[in-house]
Every structure is written in C-alpha cells, then in structure tokens.
1. FRET efficiency for residue 40 and residue 149, Cβ-Cβ distance as r, R0 = 35 Å, nearest 0.05?
2. Do you know the Lys pair count in region 51-136 for C-alpha distances under 21 Å, with sequence separation 8 or more or different chains?
Amino acid sequence: MTRRLEELFDFPPSEDKETVKTTQETQAQLASIDATIDKIDAALPTVRDLETGDRELDDLAAKAQETFDDLMDLGMQVDSRYSSEIFAVASTMLGHALTAKTAKLNKKLKMVDLQLKKLKMDNDQARAAPEDAVETAHGHVLSRNDLLERLIVSGGQNNNKA
C-alpha cells in the first residue's frame, strides 16, 4: 500500500518485512511439498475399465439401431393410422443410438484433451526447471513500497548513465 493511501484512509504505516531463506530451508520446503504431492497422487483413485464403457456404448447403439430397423419395417406393414406412433418410437431409438455414439466420441476427445494438457504441463515444467541447474540466488520478501522504491532507484540510475 502506498504512503498516500495510508494517509488518505488513516491506516497505520506498513511495516517493512524482509526475510531471507537459506538454500537449505528452501530445499527442505520443496522436499516437503514434493512429499505432499506424492501423498495426494497416491490417494487419487486410478481410472480403470475405460474400454468397458466403450463396448457398452457400442452395444447400446447397436441395439438401438436394430430396434429402429425393426420398428421401421413394422411401421411400413401396419395401417397408416398406427404407423405414426411406431415411426415416432423408431426415431427415438435412432436418437438413443446417436446419443450413445456421441457420448463415446466425447469421452475419447476428453481423454485426448487431458493427455495434451498433461504433455504441455510436463514440457513447461521441463523448460522451467532444467535438471542440471542449481539455484544459487537468495530470495527476499518485500512489501510493495520497497519494491517500488527499488524500481524507482534503479530506473533513475539507468537514466543517469544514458
């Protein structure tokens, strides 16, 4: 928060908090986070029997198509005043077959989308943290005001050099 806002709203002045973490503390914290992530991964259930769902949807679609064909044949053989209801049921069966096929395709597309997202995430992580790189910098927690002051000071020095 800026000093002007503090004065305007009568807030107490912000304290400058600067903490320095050592490499050992950072590595210990990262190890703790990795252990927590491993626990979460172990707790998540694995997805099984994906192919069973595909077979079931194929079976349902095939049955609906067979029923549609049978009802269409029956509708052609009965009196015209009864055939409209038979054709309506036949179109419903065809709609069910189409829904089963669409659900199967949506499921496959979702799996492909998830695989692409995972691949992108893995590539981003590989680029962000090369395995051979060793982190040697020290971090500082700064307030917004401290950061702005440092930017203003470094910007003024750069302008003087030019």
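Just so you know, all these numbers are worked out from the coordinates, no wet-lab data involved. Quantities reported herein were computed from a predicted structural model and do not represent experimental measurements. Positions of Cβ are backbone-derived with ideal geometry, glycine not excepted, and every protein chain shown enters the neighbour counts.
1. With R0 = 35 Å, the Cβ-Cβ based efficiency is 0.30.
2. Step by step, the pairs that qualify in region 51-136 add up to 13.
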